[in-house]
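These notes are about the structure you will find just below.
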Amino acid sequence: KFHFARSFDDSMLTEICSHVKVLTLAPNEYIYHNMDEFEYVFVIISGTVELRDSVGIALRTLRQGEGFGEEGLLSGNRRTLNAVCVDYCDIYAVPRIAILQSLERKPKILAQLRRSEFLYLWRKAIPIATAKARLLKISRMLLGSANIHLNTKTTKGGEDIAQQIREGLLRRKRKIWRDLIRQLQAAEKALDEYEVMLTA
């Protein structure tokens, strides 16, 4: 079900499975939320699950027999997506701590998984860095646009209307600016976490 379990021997799988619990969840019930602590990885027994981003856009649909929630298994980073039941679901929840305890007795397998996770984090860091660059570019464009509107001269009769338009544009731009700052801060935080992981 998971790429990291392919190299597990029978004794490891038996030990880990002894800690598994079964979750029964209703439609629209959350399995985990964005920024939740990493406690379990999951396998769907029955039902359908969607992985959604922080604004609720579905990125992936998972069904019976599929696993999810393993990203950051070793690092323990917080969740970056929401996992939501589309219909009634029965799900295996495998404790992260049980997997790590088994891996401690298998250093070669643990080393392989660390390399795989570092590569995953690196691939994920690249689009975040690209998004950061775009946010900075948009920020500069936004400031430049605001200056243009502030400096635009109008005829005497249209000054009041022009002032209202400028004020409306500035309010809108301030809101966009605040949103950009929040997104930039989130990207910065994610990049810092990945840098720590890659240099540890």
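The values are calculated or read from the model by the stated rules, or taken from the named source; none is laboratory data. Keep in mind that what you see is a predicted model, and the values were worked out from it rather than measured. Note: ideal-geometry Cβ built from the backbone for every residue, glycine included; neighbour counts use all protein chains shown. Just so you know, the surface numbers come from the protein's heavy atoms only, side chains and all, with ligands and any DNA or RNA stripped out. Shrake-Rupley method; radii C 1.70, N 1.55, O 1.52, S 1.80 Å.
So the values come out like this:
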item: Among (1) among the hydroxyl-bearing types (Ser, Thr, Tyr); (2) part of a loop (DSSP other than H, G, I, E, B); (3) modelled with pLDDT of 85 or more, the one test that TYR92 misses; result: (2)
item: Of the criteria (1) open to solvent by 30 Å² or more (accessible area, probe 1.4 Å); (2) charged (D, E, K, R); (3) touching a residue at least 24 places away in the same chain (Cβ under 8 Å), which one ARG79 fails; result: (1)
item: Residue selected from segment 60-74 under the condition under 14 Å from the mean Cα position of the chain (by Cα) and at pLDDT 90 or above, by the criterion least open to solvent (accessible area, probe 1.4 Å); result: PHE68
item: Verdict on GLU117 being modelled with pLDDT under 70 and charged (D, E, K, R); result: yes
item: Number of positions in segment 54-75 that are over 29 Å from GLN112 (Cα atoms) and assigned to a loop (DSSP other than H, G, I, E, B); result: 4
